[in-house]
Amino acid sequence: RAEHASVASFARFALELMALGAPAALLTECSLAMADEVIHAQSCFAISAEFGGHTRGVGPLDVGGSLAAAGDPAATLVALIREGCVGETVSAARAERALAGTKDPTIRQALQRIVDDEARHAAFAWRSARWLLGEHPALRELARDTFAEAQRGEQRPVAPDPSAANLARFGVLDTAARQSVRAQAWQEVISPAAAALIGAERVAYA
């Protein structure tokens, strides 16, 4: 379902980019990312059907008000940092960790595609943020605050799930593993990249 929702997220972002006069290269990357997410969702639902014994899918997605931020560079930047710079970076890292833990060939094939694609999506998000801040340098303080808010929203570490090892066999990370990967992604990628993006001191991960 998350992969399915990402299709709509990229579709919305494409329209926001158009409203802000983004270059064609960014629009092209956005359309490719949207197509990637369609394939991710199809792969995940296929795996679910294989293990669950029946086909699963999604219903209508309420997109009412989804373009409220179109034409507003500040609102677009906040969503881009949360969903792209942070979200896609963490997603790529989690998929990579999940891939390392499973031996199932079908799940490995799906996760390998997701790892590669999400890494490109994350890089695309950082390039988009760089373009947006280049067009609107006054938003650098907002960018700094948004990264700081994302860091403050972290949850307290939890103990590993007793079934964590069994879940990992099927490419599923328990909450403790997901938090661990996020912390590592923040320290190794998000913090230094955010500092470079906004030209500020390193955004620390507490």
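In a DSSP loop and with at most 15 other Cβ atoms within 10 Å, the trypsin sites (Lys or Arg not before Pro) in region 103-132 are Lys103.
Using the 1.4 Å probe convention, the accessible area of the chain works out to 53 Å² per residue with neighbouring protein chains retained. Rg and Dmax over the alpha-carbon atoms of region 33-112 stand at 16.1, 46 Å. For region 59-155, the equivalent ellipsoid derived from the alpha-carbon gyration tensor has semi-axes of 29, 17, 13 Å in decreasing order. As a fraction of the 1.4 Å probe accessible area of the chain, surface on carbon and sulfur atoms comes out at 56 percent.
Applying D = kT/(6 pi eta Rh) to the chain, where Rh is the Kirkwood radius over alpha-carbon pairs, T corresponds to 10 °C and eta to 1.306 mPa s, the Stokes-Einstein value obtained is 88 µm²/s. Eigenvalues of the alpha-carbon gyration tensor of region 90-205, scaled by 5 and square-rooted, set the equivalent ellipsoid semi-axes at 31, 18, 8 angstrom, largest first. Scanning the chain for DSSP H helices at least 27 Å long along the axis (C-alpha atoms) with a Kyte-Doolittle mean no lower than 0.0 picks out 24-52. Sequence-ordered 3J(HN,Hα) estimates for region 63-77 from the Karplus curve with 6.51, -1.76 and 1.60 and θ = phi - 60° stand at 10, x, x, 5, 9, 4, 8, 4, x, 9, x, 5, 5, 5, 4 Hz, glycine and proline given as x.
The values are calculated or read from the model by the stated rules, or taken from the named source; none is laboratory data. Remember, it's a predicted structure, so these values are computed and weren't measured experimentally. In this analysis, Cβ positions are derived from the backbone assuming ideal geometry, glycine residues included, and neighbour counts consider all displayed protein chains. Side chains included, ligands, DNA and RNA excluded: accessible areas come from the protein's heavy atoms. Shrake-Rupley method; radii C 1.70, N 1.55, O 1.52, S 1.80 Å.
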